[in-house]
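Reviewing the structure listed below.
Each value in this text was obtained by applying a stated rule to the coordinates, not by laboratory testing. Predicted model, so just to flag it, every value in this text is computed and none were measured. In this analysis, Cβ positions are derived from the backbone assuming ideal geometry, glycine residues included, and neighbour counts consider all displayed protein chains.
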Amino acid sequence: MLYLASQSPRRRELLAQLGLVHEVLRIDVPELRSPVETPVHYVQRVAREKADAGWAHLVARDTAVVLAADTEVVLGDQVFGKPTTVEEARAMLHRLSGRTHQVLSAVCVVDISGRREALCRSEVSFTPLESEDIEHYIATGEPFGKA
């Protein structure tokens, strides 16, 4: 059985699109970056901690597979969390406007044979964004709850 150690609706949708039957594990892993932690180490650690917490939550493990992931937007050494307010979304979009940033996605899978991890690093370039474009995008609700 596949267990998803994530509350992300997009990850649930992706697994469903792939036709993978899964169960969502309700786990709580703090997503706080240490001041000395690199962005790469941070996303890898969070994905690993989610997977490990999911694995620890299971009783029957013989056929279980736990999948966890973390995705963050990074500009230089700044990791942008998921914006929760209009002000946070506006500031983030203004900061990314006209620049190239990275999107880091770490994936961790744990099963009876151990842990496997992968990291995907994508570069994303934004054209310069006008304030009215940013406001229109924010009004759609799209910037909230995801990297």
Let me know the volume per residue of the alpha-carbon convex hull for the stretch 63-120, in Å³. 87
Would you please state the base-10 log of I(q)/I(0) at q = 0.14, 0.18, 0.30 1/Å for the stretch 85-147, with intensities from the Debye formula using one equal scatterer on every alpha carbon? -0.54, -0.73, -1.26
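Summarise the long-distance tail of P(r) for the chain by giving the % of C-alpha pairs beyond 17 Å. Before the final figure, lay out each step's value.
Details: 6942 of 10731 pairs.
Value for the chain (Cα pairs over 17 Å): 65 percent.
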Förster-model FRET efficiency, 25 Å R0, HIS41 and THR127, C-beta, rounded to 0.05: 0.25
Theoretical ellipticity at 222 nm over the chain - DSSP helices of four or more residues, -39500 (n - 2.57) apiece, nearest 500: -10000 deg cm²/dmol
Kyte-Doolittle mean at least -1.0 and Cα axial length at least 20 Å: DSSP H helices in the chain: 39-57
Principal semi-axes in Å for the stretch 1-58 [√(5λ), Cα gyration tensor, largest first]: 24, 13, 9
